[in-house]
Amino acid sequence: TSGVFDFNWLRKYFSRKNLPTDVFLARKLISAIDRGGIPLNPAKVNAIARDLGLEVSTRAPVEETIARIRAYLQRM
């Protein structure tokens with residue numbers, strides 16, 4: 001090696017295509033719930049739903065929001 005650090009791999013790793021997309025995060029959430037997980041932070045569930053373009057009330061039960069996310073993913 002020449003002693004110079006190659007930042008190209010770092011740029012590729014953090015490029016936009018390697019960051020989690022809204023749909024990826026939603027699928028990950030639903031997958032975790034299906035495996036028996038319980039969402040502990042309703043605000044994160046709401047944020048995922050909003051990132052998908054769903055309108056979510058802060059007073060909506062988290063189960064309702066999860067059902068809406070499921071329906072969104074099934075329509076894709």
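The values are calculated or read from the model by the stated rules, or taken from the named source; none is laboratory data. Being a predicted model, the structure only gives us computed values, none of them experimental. Please note that ligands, DNA and RNA were not included when accessible areas were found on the heavy atoms of the full protein model with its side chains. Shrake-Rupley method; radii C 1.70, N 1.55, O 1.52, S 1.80 Å.
Before moving on, here are some points about what is shown:
- Counting residues in the stretch 3-22 that are of a type in the set (Val, Ile, Thr) and at pLDDT 65 or above gives one or more.
- Reported count of residues in the stretch 48-76, each being open to solvent by less than 40 Å² (accessible area, probe 1.4 Å) and assigned to a helix (DSSP H, G or I), is 8.
- Filtered residues of the stretch 32-62 (kept if at pLDDT 95 or above and among the polar types (S, T, N, Q)): 46
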